[in-house]
Each structure stands twice: as C-alpha cells, then as structure tokens.
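To keep things clear, I will list the structure first and then write my remarks on it.
Derivation of every value follows stated rules applied to the coordinates shown; laboratory data play no part. Just so we're clear, the structure is a prediction, and the values are computed from it rather than from any experiment. Don't worry about glycine lacking a Cβ; one is built from the backbone with ideal geometry, like all the others, and counts go over all protein chains shown.
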Amino acid sequence: MAFGSIQNVRKVFAASELTSRSAEPVVALDDASFEFDEGQLISLLGPSGCGKTTLLRIIGGLIPKTSGSVTIGGREVTQPLGDYGFVFQSPSLMPWRSVIDNVLFTMEILKRNDRAARERATQLLNLVGLSGFLDARPHQLSGGMQQRVALCRALIHQPKLLLMDEPFGALDELTRLEMNDLLLRIRRETGASVLFVTHSISEAVYLSDKVIVFSRRPARVATEIPIALSYPRSQQVRFTPAFTKSERIASEALGVVPPAEAGAA
Amino acid sequence: MGVRLAGQIGYPLLGVAVILAAWTAFCVLRGIPTVVLPTPDKVFNAFVARFDLLVSEGWVTLKETLYGFILALVVGIPMAVAIANSRALNLMFYPLLIGLQSVPKVALAPILLVWLGTGIESKLAIVWLVAFFPIIVDTVAGLRSTPRELLELAHSLRATPLQIFLKVQFPAALPFVFTGAKVAITLAVIGAVIGEFVGSSEGLGFLLLSATSQLDAPLAFAALFALSFLGMFVYLLVELAERLAAPWLPPAPQRH
C-alpha cells in the first residue's frame, strides 16, 4: 500500500468561515485523489488560489476536510500528527529568537530540546550553509537565508513527511534555483517524503518524482505526470528533451498551451 | 563623524537658545510683568533656589505616576490575555473598552476624590484609569495579530495552549504591549497632575497651583519645567525597559 493516500478529498468553506462578505459557500477543493510512496517528492502544481494550499493544510491536519480520506503512513489524518515538517511561503521566523533557537523551537514544543537536538540543529545549519550565523537574528539574514532556517526548523525532528507551501515563491530566480538544489540534497540525506506546492511549472518538473496538476477552482486533479528523470539532478537537466517534454505536458494540462496534435510532436 | 556628532548636539542646543532669546526679548521689549510671564533667567533662578522643594514635591508626583502605571500594567495585561483568548469575554467587554477609551477619564477626578479622599489613593485611581486603556487595548491587538503561520506551525507540532501562549503569542505581542505602555506612561503623568489639581496638599501639580495663586510665577514655571523633566524621565524608563525586554526590535524611527 502506498505511504500516502489522498482519496476524493473535498473541501467546502461555509459562508460564515470566509472573511469576504460572500453569502455563498465556496468549494475550494472539488475532488482530489492521488497516492505517493515513502521518500517521494510530489509537487502539487496549479494556478494561484486553486485550492492546493488548502489541500496541503488538510493533509497536515490543520483544517478539517468536508469529505474524503487522507492516510499517511497507515494513519488516518484528522488532526495534526505532530511529526510533519512545515515550510510556508514566508520564512515566518520568530524575530525574538536567534537562528539556532528558531530551529530548536520545534524541539521545545515536542519537549525534546536536549544536547543531541542542539547538535543536530548545528549540523543542519551547517548543511544549508549557515554555520556562521547560529546566533544571528533573523532580520540580519537575507530572504533566502531565512528560508533555509525555516527549512532546518521543519527538519530537526526528523519528520517522515515535509509539507512545503510555495516555499521559494518569494525568492529571486537565482536563489530559487539554488534552493531547489539544496532541497534535493536534503531530501537525499534525510529520506523524507515531500509534498511541494508550487505554481512554477519548471520548478515542479525539476524537483519531483511526480507532478500532480490541479485545475482552476474548484480544484480537481487534472492529471498526474511521472517525471522520468533520474536523481541526482543538476541544472543541466533543464535543457534535455525529457525535461521539456514534461514541461509541455504540464503546460497543456494547465491550459497554458493548446494540446499538441497527435503525431506532430 | 565628529562634525556630525557636534551637529547632532549643537543644532538642538541652538534651537533651545533661539527660543530662550525670543522669550526674553518678548518679555523685555513688551514690558511683560513677571507675574504674567517671568523671563527665563528668573525661572532658572527659582529652579535653582527652590531645587530641594521641587525634588521633594517631584518625588511625590513620581511615586503617584509610577505606582499607578504599574497597577495599570498588573491589571491590564492579564485582562487583555483573558479577552484575547475567550470569545465570550471578548464579546462582553472589548466593545465596551473601545467605547470607554474615548470617555474623558480626568472628568472623573472630582468623583474619585470624594470616594477615596485627598491622599495618594485618589491619585493612583486616576493614573490607573488613564493608563489602563492604552495598555489593555494595545495588548489585545498584539495578542490577536500573531502571524497565522506561527500558529499553524505550533498546531502542526501539537503544541499545548500554554506553549502557544508563552512561546508564540505573548512574545509576538510584546512590541504592541510597549507601544501601549509608552502612551500610558505619558498619560499617567497627566493623570497624576490632574489628581493633584483637584485635591491635594503635595506634589508638583499642587506646587504649580499654589505658586500661581500666590502670584509666584517664577516658581510656577520652575514646577512646570520639573514636570516636563519628570515626564521625559519616566518615558525613557519605559523605553529602556523595552530595549531590555525586546532587544530584537529595530531601533525606534527618528522623529522628524
């Protein structure tokens, strides 16, 4: 059986839950189903506001679903399981804590903040190239560096599953490419499964074992694209025909380009 | 660097000198009597000659201000926590608090005097009343504006409500608490003086009032300056506390 199984998940926000004055309930997620294996990196790709972030929060147990089922590692998710890592679009560090104490926040909440935790935090910060910034304050770091700290905070308790919500969306292109390679390296070293929400086609293809493409709201799974590129990947892979082909399939599923004529490609 | 520093100290001093010169010139050229507006040198002389009196009366006002302010913190912050975390309390009291904030609290001074007498109790009540509102309103606002991601992060780790409060909500609200406290301490000085005006036999407010009634304008002005220094002193105390308790905050913006 698959490590993660999302079956017919539907989410309707009642009018009272919405901040806007809409009287109508909003169907954020119509019908989402997909599966993934342990250690896989899966991208959830779709237009902005299509409900993929909502799905990520449901999988994380942060918000209830209207119907359907989510099973991760054999457990049905109805509330936070406590052993996931979360990375948001903004780094969301605590300005009152130093870099290392931000990473250790996770361990404090889990009441596992011992010397081993501190050593692991130091190792992780080394791994992401921040060894000289353990005692710095978040505001002294660039956006990319802050997001690296957030990544360490999400990894320190050795989660089985990492949930990432457009984590590199606010970064400039070069930093973003750098962070993509860093994420692949970290995944290789930790073996964690990753669900990665993005609206960048090339980022999704570059990172993933499998790309789940969502339609516009109310979101449905439009198609699943297995990416037939071997790991480890480097930036050169972007210029191979296999990469371009996957990008094309994703673009077609998103309606960015018209479907290719059968046989013409 | 040295030139810049000299400018930073020199220009404000120059500004003060210009004001004092204009003040003196106005008094001398227009022949303003001392009982109406004393010249700066007369005020200065009164300040030096009656320094002991100013210090002892100032000490009274300082105590009223600080005790009342601390009382406002001690009551205001726990109440803010209760309101921010309970939907029922929030609905019951928050609109009321916002509404009461615009009531002129000093108008209650005569009533409080009747209830509590002319001692320090009535002053503490007035100071507490004026300082309490900015503290509670800003603290509630701070506790409510915790970044959503930080709350989700804590929930995703199954944090307890106490952990969320101590490690996320409260530290995130601290800058708001200090914003409220800075407004409150300024109001607290005003509250103490109003209390002394309405009924008291000591304090800088009382001294100001009695000096005016005895037509001793230089002493009245000296008391006014002492009050200003006292106000600046307590404000700086709060700012110092902020630097110590929340050193991560960026330095306060320059006020132009």
Phi-derived 3J(HN,Hα) across region A:221-229 with the Karplus relation (6.51, -1.76, 1.60, θ = phi - 60°), rounded Hz, x for Gly and Pro, is 6, 6, 6, 10, 10, x, 9, 8, 10
Shape call, the protein assembly as shown: gyration tensor on alpha carbons, a/c limit 1.5 = prolate
Under a Cβ-Cβ cut-off of 14 Å, what is the net charge of the residues other than B:Pro218 that fall near it, where Lys and Arg count +1 and Asp and Glu count -1?
-> 0
Relative to chain B, whose Cα atoms define the longest principal axis, helix B:40-49 and its Cα axis are tilted in degrees, nearest 10, by 80 degrees
Which whole-Hz ³J(HN,Hα) couplings does region A:173-181 yield from phi under the Karplus relation 6.51 cos²θ - 1.76 cosθ + 1.60, θ = phi - 60°, glycine and proline marked x?
-> 4, 5, 4, 5, 4, 4, 5, 4, 5
Straight-line reach from A:Lys245: which aspartates and glutamates have Cα under 19 Å away, leaving out those fewer than 8 places along the same chain?
-> A:Glu203, A:Asp209, A:Glu224, A:Glu261
Separation between Cα centres of region B:183-244 and region A:126-145, rounded to whole Å = 48 Å
Check: C-alpha center region B:15-63 vs C-alpha center region A:194-265, spacing in Å is 79 Å
Work out the length of the dipole vector of chain B about its Cα centre, built from +1 on the beta-carbon of each Lys and Arg and -1 on the beta-carbon of each Asp and Glu, and round it to the nearest 20 debye.
-> 620 debye
What list do you get for A:Phe88, A:Phe239 if you sort them by fewest beta carbons within 10 Å?
-> A:Phe239, A:Phe88
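Rounded to the nearest 0.05, what FRET efficiency do B:Thr212 and A:Gln140 give with R0 = 56 Å and r taken as the Cβ-Cβ distance? Could you check?
Using R0 = 56 Å, I get an efficiency of 0.55.
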Please give the calculated 222 nm ellipticity per residue for the protein assembly as shown, where each DSSP H segment of at least 4 residues contributes -39500 (n - 2.57) and the sum is spread over every residue; nearest 500 deg cm²/dmol?
-> -18500 deg cm²/dmol
Using the count of nearby Cβ atoms within 10 Å as a rough guide to exposure, how do A:Thr106, B:Thr61 rank from fewest to most?
-> A:Thr106, B:Thr61
Can you tell which of B:Ser156, B:Asn90, B:Ala245 lies farthest toward the positive end of the dipole of region B:43-245, using +1 and -1 charges on the Cβ of basic and acidic side chains (Lys, Arg; Asp, Glu)?
-> B:Ser156
Put a dot 7 Å past each Cα toward the Cβ at B:Thr118 and A:Gln158; how far apart are the dots in nm?
-> 7.6 nm
Kindly identify chain A as rounded, prolate or oblate by the Cα gyration tensor criterion: order the square roots of the eigenvalues as a ≥ b ≥ c, call it rounded if a/c is under 1.5, otherwise compare a/b with b/c, prolate if a/b is larger, else oblate.
-> oblate
Go ahead and set up a Gaussian network model of chain A, Cα springs under 10 Å, then flag whichever of A:Ala219, A:Ala253, A:Ala170 fluctuates most.
-> A:Ala170
List the residues whose amide H sits under 5 Å from the amide H of A:Leu29, counting only those 5 or more places along or on another chain, with H placed 1.01 Å from N in the peptide plane.
-> A:Lys11, A:Ala219
Average Cα contact separation per residue, chain A, under 8 Å, 6 or more apart, as relative contact order % | 25 percent
For chain A, modelled as a GNM with alpha-carbon contacts under 10 angstrom, which of A:Val213, A:Val194, A:Val12 fluctuates the most?
-> A:Val12
Any idea what the dipole of the protein assembly as shown comes to, in debye rounded to 20, about its Cα centre with Lys/Arg Cβ at +1 and Asp/Glu Cβ at -1?
-> 300 debye
With a 10 Å Cβ neighbour count serving as the proxy for reagent exposure, in which order, fewest first, do B:Glu57, B:Glu64 appear?
-> B:Glu57, B:Glu64
In order over region A:90-104: 3J(HN,Hα) from phi, Karplus 6.51/-1.76/1.60, θ = phi - 60°, whole Hz, x for each Gly or Pro, gives 8, x, 6, 7, 8, x, 8, 10, 6, 4, 5, 6, 5, 5, 6
Qualifying lysines (Cα of each under 27 Å from Cα of B:Lys123; at least 8 residues distant if same chain) | B:Lys63, B:Lys105, B:Lys182
Partner lysines for A:Lys160 [C-alpha distance under 23 Å; skip if fewer than 8 residues away on the same chain] = A:Lys52, A:Lys65, A:Lys111, A:Lys210
Rg in Å to one decimal, and Dmax rounded to a whole Å, for chain B via C-alpha atoms = 22.6, 76
Sparse-neighbourhood loop sites, trypsin sites (Lys or Arg not before Pro) in region A:8-116 - DSSP loop, at most 12 other Cβ within 10 angstrom = A:Arg21, A:Lys111
Most mobile listed residue (A:Glu108, A:Glu166, A:Glu24) in chain A, GNM with C-alpha springs under 10 Å = A:Glu24
